[in-house]
2 protein chains.
Amino acid sequence: MPRPVIALDWGTTRARAFLISETGEVLERRSADQGIQSVPAGGFPAAFEAIAGDLRRMAPEAQIVLAGMVGSRNGWVEAAYVPCPASPDAIAAAGLTVALADGTPALILPGLSCDEGAFDVMRGEETLIVGLGLGDGIACLPGTHSKWALVEGGRITRFASFMTGEIWGLLRQNSILSRLAEEPSEEGARLGLAAGFAAARRPGGLLNTAFAARSEVLAGRLPGSAVGPYLSALLVGHEIAGALALSGRHDTVHLVAEGAMAESYGAGLVAAGLTATVTTPEAAFVAGIRRLAGAIAA
Amino acid sequence: MPRPVIALDWGTTRARAFLISETGEVLERRSADQGIQSVPAGGFPAAFEAIAGDLRRMAPEAQIVLAGMVGSRNGWVEAAYVPCPASPDAIAAAGLTVALADGTPALILPGLSCDEGAFDVMRGEETLIVGLGLGDGIACLPGTHSKWALVEGGRITRFASFMTGEIWGLLRQNSILSRLAEEPSEEGARLGLAAGFAAARRPGGLLNTAFAARSEVLAGRLPGSAVGPYLSALLVGHEIAGALALSGRHDTVHLVAEGAMAESYGAGLVAAGLTATVTTPEAAFVAGIRRLAGAIAA
């Protein structure tokens with residue numbers, strides 16, 4: 001019979017903890033800025049207690065599962081990457097068990113590696129992809145370093161990373177374009193997104209069309225409030241085109257996102273002639289944890 | 001009979017001044033950090049004197065020609081962009097005359113604009129392109145914001161800007177990749193350039209292959225000393241591909257560059273199956289000034 005699960009998505013700069021009931025309901029959620037980079041050597045049992053100790057007291061019998069950078073070289077213990085293609089069972093089986101302060105075992109999930117021409121890795125996203133429960137399909141997880149993963153026959157067969165969010169931040173905050181960019185208005189967002197998705201299809205490529213934001217604003221054709229949305233749409237459009245070039249055509253993309261990110265990627269997928277299903281990161285994480293925890297408990 | 005020319009390439013952050021003989025020889029050159037952004041309102045005659053006063057005393061009869069951002073809205077006087085297609089005569093004719101401190105006239109050259117789908121502008125590069133003396137051909141001027149220009153029938157018919165140098169700096173200095181990058185060694189440069197030019201042809205695009213620098217270093221496949229050269233080659237490769245997609249195929253590219261820039265772009269052009277001719281920026285500037293000054297004097 002399934003037990004409740006206490007699950008942590010424990011990344012570099014922050015941790016999110018969930019108490020999940022036997023039936024998959026999120027009973028409690030916590031968010032803490034105790035990312036792994038703030039944890040001193042040997043400090044992980046105490047850090048876990050600080051982040052999720054109260055959840056343990058609520059559900060002392062819960063299974064404990066930790067995902068994300070906590071399983072990296074700089075984390076609690078290094079759980080080696082599972083090479084693709086990887087099934088949920090293979091991911092769960094490659095988890096490592098550590099002991100909490102009171103000796104209770106906790107499972108640390110591994111990340112995945114992929115070697116399709118270029119080497120690539122992920123940690124944490126594999127759990128969300130598993131949570132989508134796909135038999136065959138393609139998943140998009142937008143972010144600082146977006147991930148696209150291909151699922152075939154229930155296994156993650158390959159994936160690729162895109163530096164989209166980070167390059168958006170650099171262009172928006174640190175480049176010559178940042179001087180022209182104003183806070184986005186509704187009108188600016190509308191104009192910028194339309195112009196950016198259109199620019200993503202222009203033959204000059206990203207280096208040319210990123211610079212065009214400047215000329216278009218200087219020429220009075222785009223307002224300063226459109227610069228951020230323009231760059232966002234331009235980069236998202238390039239990410240989508242690159243991912244499809246790597247993975248082949250898919251009519252439907254399974255997007256793991258919420259809020260503004262879900263909106264901009266959704267619009268980008270529509271602009272590329274695709275359909276999107278949207279799952280929130282929390283829902284995907286919780287479902288993935290249940291699937292992976294179940295594989296261990298079974 | 002032609003006169004000597006005192007010519008300034010007067011940009012945002014610096015100025016370079018040349019005394020050019022009647023026969024086109026550079027007799028003297030000066031470099032100063034008095035870019036137009038450091039010149040107060042009304043301070044241009046005095047700034048010119050500080051930069052090139054001694055050249056005037058050497059050649060009091062010289063014609064004075066100023067190119068670059070000195071002709072922008074934030075410069076001495078705004079010389080409106082000449083729309084492409086633009087002949088050297090049209091560029092020279094659109095120059096504005098200002099008075100030096102002693103009343104001597106000085107010609108301020110205009111920039112160019114281009115409206116091929118996206119609006120684009122240049123100031124200063126038009127002089128170097130004219131200096132190539134092309135009847136028909138394509139010119140590449142690498143830099144923070146590289147320019148590619150198409151010359152047809154002796155006129156600059158269109159051009160495009162690429163944010164290559166600036167994005168290289170952002171990725172190399174301010175991104176997650178900067179932590180992995182070490183000072184380039186000869187071996188690192190060799191490995192990085194080869195890997196970067198190959199990556200520029202991969203289907204995932206720039207956002208994917210930029211991130212691959214990280215995974216390849218973490219996987220031990222590239223040394224940290226290859227990160228900067230890899231990113232340089234990747235970006236140059238994308239710039240070349242984008243420029244050719246905009247302008248159509250050309251077997252020979254007329255490159256205006258020197259030093260490391262000439263080497264990396266030359267290697268990128270060879271990797272793309274093209275031939276490069278190389279002209280130094282100084283040679284192109286001096287030849288362009290002579291051509292444009294001659295059009296006025298004539």
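The values are calculated or read from the model by the stated rules, or taken from the named source; none is laboratory data. No experiment lies behind these values; they were computed from the predicted model shown. With ideal geometry, Cβ positions are generated from the backbone for all residues, glycine too; neighbour counts draw on all protein chains shown. Ligands, DNA and RNA are excluded from the accessible area calculation, which covers all protein heavy atoms including side chains. Shrake-Rupley method; radii C 1.70, N 1.55, O 1.52, S 1.80 Å.
Between B:Asp251 and A:Thr13, take the C-beta separation as r, use R0 = 60 Å, and let me know the FRET efficiency to the nearest 0.05. Walk me through the numbers before you get to the answer.
Numbers: r = 51 Å, r/R0 = 0.84.
My answer for the efficiency is 0.75.
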Along Cα→Cβ at 7 Å, what distances in nm separate the B:Arg190 label point from those on the other copies, shortest first? 5.9
Please list, in order along the stretch B:260-274, the HN-Hα scalar couplings obtained from phi with the Karplus expression 6.51 cos²θ - 1.76 cosθ + 1.60 (θ = phi - 60°), rounded to whole Hz, x for Gly and Pro. 4, 5, 4, 5, 6, 5, x, 5, x, 5, 4, 4, 8, x, 10
Measure nothing but the geometry: give the 0 to 90° angle between the long axis through the Cα atoms of B:164-174 and the longest principal axis through the Cα atoms of chain B, rounded to 10°. 60
Suppose we keep just the DSSP beta bridges with both residues in the protein assembly as shown; what percent of those would be antiparallel, to 5? 65
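Given a 1.4 angstrom probe, what's the average accessible area per residue across the stretch A:164-279, in square angstrom?
Values: 4630 Å² over 116 residues.
Value returned for the stretch A:164-279: 40 Å² of accessible area per residue.
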Using a label point 7 angstrom from Cα along Cα-to-C-beta, what distances in nm, from shortest up, separate A:Asp251 from the other copies? 4.8
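Taking Rh as the Kirkwood radius, which is the inverse of the mean 1/r over Cα pairs, what is the Rg/Rh value for chain B? If you can, show how the numbers build up before the last one.
Working: Rg = 20.6 Å, Rh = 20.2 Å.
Taking Rh as the inverse mean 1/r over Cα pairs, Rg/Rh reads 1.02.
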For the stretch A:133-147, in order, what is each residue's ³J(HN,Hα) by Karplus, 6.51 cos²θ - 1.76 cosθ + 1.60 with θ = phi - 60°, in whole Hz (x at glycine and Pro)? x, 6, x, 9, x, 10, 10, 10, 10, x, x, 3, 10, 4, 10
Mind pulling the angle between the C-alpha long axis of helix A:206-218 and the longest principal axis of chain A? Nearest 10 degrees, somewhere in 0 to 90. 50
Whole-Hz ³J(HN,Hα) from phi, Karplus 6.51 cos²θ - 1.76 cosθ + 1.60, for the stretch A:225-236, glycine and proline x: 6, 8, 4, x, x, 4, 5, 4, 5, 4, 6, 4
Please list the non-local residues whose amide H lies under 5 Å from the amide H of B:Thr12, H modeled 1.01 Å from N, same-chain partners needing a gap of 5 or more. B:Ile36, B:Met69
Using amide H atoms built 1.01 Å from N in the peptide plane, name the residues 5+ places from A:Ser146, or on other chains, whose amide H lies under 5 Å from its own. A:Phe162, A:Thr164, A:Gly165
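Leaving ligands and nucleic acids out of the surface, order A:Val130, B:Val278 by accessible area at 1.4 Å, largest first.
Numbers: A:Val130 20, B:Val278 85 Å².
Accessible-area ranking of A:Val130, B:Val278, largest first: B:Val278, A:Val130.
Quick one: plug the Kirkwood hydrodynamic radius of the stretch A:164-279 (C-alpha pairs) into Stokes-Einstein at 37 °C, 0.692 mPa s, and report D in µm²/s.
Numbers: Rh = 14.2 Å.
The calculation lands on 231 µm²/s.
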Residues whose modelled amide H sits under 5 Å from the amide H of A:Val253, counting only those 5 or more places away in sequence or on another chain, are A:Thr275, A:Ala276, A:Thr277
Where the label is 7 Å out from Cα toward Cβ, how close does B:Pro40 come to the same position in every other copy, in nm, shortest first? 5.5
Using a probe of 1.4 angstrom, how much of the accessible area of the protein assembly as shown is carbon and sulfur, in percent? 52
